[in-house]
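Below: one structure, written as structure tokens.
The values are calculated or read from the model by the stated rules, or taken from the named source; none is laboratory data. Because the structure is a prediction, the values reported are computed rather than measured. Please note: Cβ atoms are built from the backbone with ideal geometry, for glycine as well, and neighbour counts cover all protein chains shown.
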């Protein structure tokens, strides 16, 4: 794993941990019967954080795939990454 990959992995992990904290806050808000608007706003923030973490991870996968020396393996990896990417869309 390259230094760049480690940096991206760490950043994605930080986003996921932040999203976990935001999700805990949303759950608490629902349990407490708080107003809809701020609850949905927090839920949207959780969703965005998860999406960004996923896109960061896919970005690293694409970079790794493009530097692959085996053309056949590269095509297969790109197809798998496309499926993963589309699952986030």
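Can you name every residue in region 29-56 that is closer than 20 Å to residue 10 by Cα and over 11 Å from the mean Cα position of the chain (by Cα)? Full working, then the answer.
Filtering region 29-56 down to residues closer than 20 Å to residue 10 by Cα leaves 45-56.
Across region 29-56, the qualifying residue is only 45.
Among residues belonging to region 19-32 that are farther than 18 Å from residue 56 by Cα and in contact with a helix residue (DSSP H, G or I) (Cβ under 7 Å, 6 or more places away or on another chain), point out the one that is surrounded by the fewest Cβ atoms within 10 Å (Cβ to Cβ). Before you say what the answer is, go through the steps one by one.
Quick first cut of region 19-32, residues farther than 18 Å from residue 56 by Cα only: 21-32.
Subset that is in contact with a helix residue (DSSP H, G or I) (Cβ under 7 Å, 6 or more places away or on another chain): 22-23, 25-26, 29-30.
Details: 22: 19, 23: 17, 25: 17, 26: 20, 29: 18, 30: 13.
Per the stated criteria, the residue is 30.
Which residue, of 16, 78, is more than 15 Å from the chain's Cα centre (by Cα) and surrounded by 13 or more Cβ atoms within 10 Å (Cβ to Cβ)? Explain how you work it out, then say what you get.
Details: 16 fails: more than 15 Å from the chain's Cα centre (by Cα).
Criteria check complete, one pass: 78.
Which residues, counting only those in region 39-68, are more than 21 Å from residue 6 (Cα to Cα) and either at pLDDT below 80 or out of contact with any helix residue (DSSP H, G or I) (no Cβ under 7 Å at 6 or more places or on another chain) (or both)?
Within region 39-68, the first condition is being more than 21 Å from residue 6 (Cα to Cα), and the residues that meet it are 39-48.
The answer is 40, 41, 44, 47, 48.
Got a sec? Which of 44, 35 is out of contact with any strand residue (DSSP E or B) (no Cβ under 8 Å at 6 or more places or on another chain), loosely packed, with under 12 Cβ neighbours inside 10 Å and more than 26 Å from residue 63 (Cα to Cα)?
Details: 44 fails: loosely packed, with under 12 Cβ neighbours inside 10 Å.
Only one candidate qualifies: 35.
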